[in-house]
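J.: The structure that follows is given in the form of structure tokens.
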Amino acid sequence: MKYLSILILISLLSAGESATLSKPFIGDTTSTFIVADTLVMTTQDNPQYHLRWAGLGLMLAGGISTYLCHQAADNSYHEYQSSGSISEMNDLYDRTLLFDRLVAAGILTTEIGLYLIYKSFRDE
């Protein structure tokens, strides 16, 4: 509720159009405030709504997979360094390369998600 009040205060201070909300606070029947020009509420009717959620999902999935694969690659590389068998070293090296490639794919996925979010706001 505290952050909502701050958002409304920022909207009041911004230049924009006035709007009316019914019952924003207990005891008030209506209240008029100014909505910033850049603040656009999206609904499911808006075609950009799904694009934003897809972008957010890709960013979240890419970020989590990047972190987990990076940890696995580091662990595999440390095992590689402490290994004494050549065949085990080759397997651990290949595993490290695989996880490094998955990290790169996760970073790319995160960037695609960021682009989708950017595109959803630009196309409005």
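J.: Given the conditions (1) among the β-branched types (Val, Ile, Thr); (2) farther than 30 Å from Phe121 by Cα; (3) at pLDDT below 90; (4) touching an Asp or Glu at 6+ places or on another chain (Cβ under 9 Å), and given that Thr96 satisfies all but one, which numbered condition is not satisfied?
T.: Failed condition: (3).
J.: For segment 8-21, does any single residue satisfy the condition of being under 25 Å from the mean Cα position of the chain (by Cα), among the hydrophobic types (A, V, I, L, M, F, W, C) and either closer than 30 Å to Leu116 by Cβ or modelled with pLDDT under 90 (or both)? Walk me through how you get there before you give the answer.
T.: Step one: filter segment 8-21 for residues under 25 Å from the mean Cα position of the chain (by Cα), giving 8, 10-11.
With among the hydrophobic types (A, V, I, L, M, F, W, C) added as a condition, the list becomes 8, 10.
Now drop any that are not either closer than 30 Å to Leu116 by Cβ or modelled with pLDDT under 90 (or both), which leaves 8, 10.
Among the residues of segment 8-21, at least one is under 25 Å from the mean Cα position of the chain (by Cα), among the hydrophobic types (A, V, I, L, M, F, W, C) and either closer than 30 Å to Leu116 by Cβ or modelled with pLDDT under 90 (or both), which makes the answer yes.
J.: State yes or no: is Ile107 hydrophobic (A, V, I, L, M, F, W, C) and either under 19 Å from Gly57 (Cα atoms) or touching a residue at least 40 places away in the same chain (Cβ under 8 Å) (or both)? Even if it seems obvious, please write down each step before you answer.
T.: Details: hydrophobic (A, V, I, L, M, F, W, C): yes; either under 19 Å from Gly57 (Cα atoms) or touching a residue at least 40 places away in the same chain (Cβ under 8 Å) (or both): yes.
Yes; evaluated as a whole, the condition is true for this residue.
J.: Please specify each residue of segment 73-97 satisfying the condition of being surrounded by 12 or more Cβ atoms within 10 Å (Cβ to Cβ) and of a type in the set (A, V, I, L, M, F, W, C).
T.: Ala73, Met89, Leu92, Leu97
J.: Considering only residues that are of a type in the set (A, V, I, L, M) and more than 20 Å from Lys119 (Cβ to Cβ), look in segment 48-72 and name the one that is surrounded by the most Cβ atoms within 10 Å (Cβ to Cβ).
T.: Within segment 48-72, the subset of a type in the set (A, V, I, L, M) is 51, 54, 56, 58-61, 64, 68, 72.
Imposing the further condition that a residue be more than 20 Å from Lys119 (Cβ to Cβ) reduces the set to 64, 68, 72.
Details: Ile64: 12, Leu68: 14, Ala72: 17.
Taking the candidates together, the pick is Ala72.
The values are calculated or read from the model by the stated rules, or taken from the named source; none is laboratory data. What you are looking at is a predicted structure, and each value in this text was computed from that prediction instead of being measured. Using ideal geometry, Cβ is built from the backbone for each residue, glycine included, and neighbour counts are taken over all protein chains shown.
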